[in-house]
Amino acid sequence: MADSSDSVSVDMETVSPSLKEHHIRTRHGSISVAVYGDQDKPALITYPDLALNYVSCFQGLFFCPEVYSLLLHNFCIYHISPPGHELGAAAVDPDDPILSVDDLADQIAEVLNFFGLDAVMCMGVTAGAYILTLFAIKYRQHVLGLILVSPLCKAPSWTEWFYNKVMSNLLYFYGMCEVVKEILLKRYFSKEVRGSAHLPESAIVQTCQRSLEERQSLNVWRFLEAINGRSDISEGLIKLQCRSLIFVGDMSPFHPEAVHMSTKFDRRFSALVEVQACGSMVTEEQPHAMFIPMEYFLMGYGLYRPSKQSVSPRSPLSPSCISPELYSPESMGLKLKPIKTRI
């Protein structure tokens, strides 16, 4: 493991009084980690999708009071941003090598080493879900569970590869132009919230557009090149022993891949939750749909909402076998639309 002793800590009091951003030097360059919460608690690490960071990808989820209390009561949150995607990021040095998905997964291992973390819970969205899953395959002893949103696990299809190449060329030569933003918004959101000629786009789409305009286009290009060069990790999923919870919008372009991925996990310890009338970024478009499944998922680790006083959130995670009935539609509240599930 490379020496990660050099870092810069920035107090982000303008965002939250207990949020601190660290810039950690790894073998593969600097990486930004925003830490939120009590570091004596178990760790939950997050990784966003392409061209996003923890604010634009997870803000909607953490703005849900029930989700906020559930996660912050039990975890310290470590928001990892892809290189050059953090708030106020400068352009990555063009002489720096383009990182592969394996390099990005190895960076996460160095982040855990820097903070002295052993085993962590992981939450990722699409490209970020792929990086965290690859990390779990390479460093199984460091992962207790996976919460994946519209995840990837296969190599790019010809269609995805082609669209990514078009977007890559546009980013490289024209920057974050309107065409690139439109492609990304279709990747993230359902048609309903993107709006049309007769229906205005939703507030979350407008906020996301402003966020995209702040990204350094060549930094996004570098992450896209890594994701477009990914390999199929489906067979590696079979060897994972950690529990997994997959969310996917039924209007996501990655819906078939999420369903495929769910069949590769050990079905005793995994569940797929399909969110109706939703795109890929469930964390922003329908974050409330994630609460009840996550609550039951975390109960398998002895973790509860603050109203439950039977366990201490400071105690180490010690997963116990999740009873199958916890994943039944009735137990997960799935009789309440817009959620449906496959086991």
(Q) Let me check against my output: what whole-number percent is the relative contact order of segment 20-300, with C-alpha pairs under 8 Å and at least 6 apart? (A) 22
Q | Area of His28 that stays accessible when all protein chains are in place (1.4 Å probe, Å², to 10) | A | 50
Q: Hand me the GluC sites (Glu not before Pro) from segment 149-212 located in a DSSP loop with no more than 16 other Cβ atoms within 10 Å, in residue order please.
A: Glu201
(Q) With a 1.4 Å probe and all protein chains kept in place, how much accessible area does Ser202 have, in Å² rounded to the nearest 10? (A) 30
Q. Please identify the trypsin sites (Lys or Arg not before Pro) of segment 17-114 that satisfy two criteria: DSSP loop assignment and at most 16 other Cβ atoms within 10 Å. Which are they?
A. Arg27
(Q) Quick check: the distance between the Cα centres of segment 113-177 and segment 203-277, to the nearest angstrom? (A) 7
Q | Where Arg222, Arg140, Arg230 fall by accessible area, highest first, once all protein chains stay in place (1.4 Å) | A | Arg140, Arg222, Arg230
Q: Considering only protein heavy atoms, with the full assembly of protein chains and a 1.4 angstrom probe, order Val120, Val92 by accessible area, largest first.
A: Val92, Val120
Q. Pulled fully out, how much extra length does the chain show between His198 and Ser231, if you take 0.36 nm times their separation in residues and subtract their Cα-Cα distance?
A. 7.8 nm
Q. Which of the pairs Lys165/Lys191; Lys41/Lys264; Lys41/Lys239; Lys154/Lys181; Lys154/Lys239; Lys20/Lys138 have their Cα atoms more than 19 Å apart in this structure?
A. Lys165/Lys191; Lys41/Lys264; Lys41/Lys239; Lys154/Lys181; Lys20/Lys138
Q) Given R₀ = 30 Å, FRET efficiency for Asp250-Lys138 by Cβ-Cβ distance, to 0.05? A) 0.45
Q | Carbon + sulfur, % of accessible area of segment 20-300 - ligands and nucleic acids excluded, 1.4 Å | A | 54
Q. Want the number for Asp96 to Glu213: 0.36 nm per residue separation, take away the alpha-carbon distance, what's left?
A. 39.8 nm
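The values are calculated or read from the model by the stated rules, or taken from the named source; none is laboratory data. Since the model is a prediction, treat every value here as computed from it, not as a measurement. Cβ coordinates were reconstructed from backbone atoms using ideal geometry, including for glycine residues, and neighbour counts include every protein chain displayed. Ligands, DNA and RNA are stripped out before the accessible areas are found, and what is left, the full protein with its side chains, is counted by its heavy atoms. Shrake-Rupley method; radii C 1.70, N 1.55, O 1.52, S 1.80 Å.
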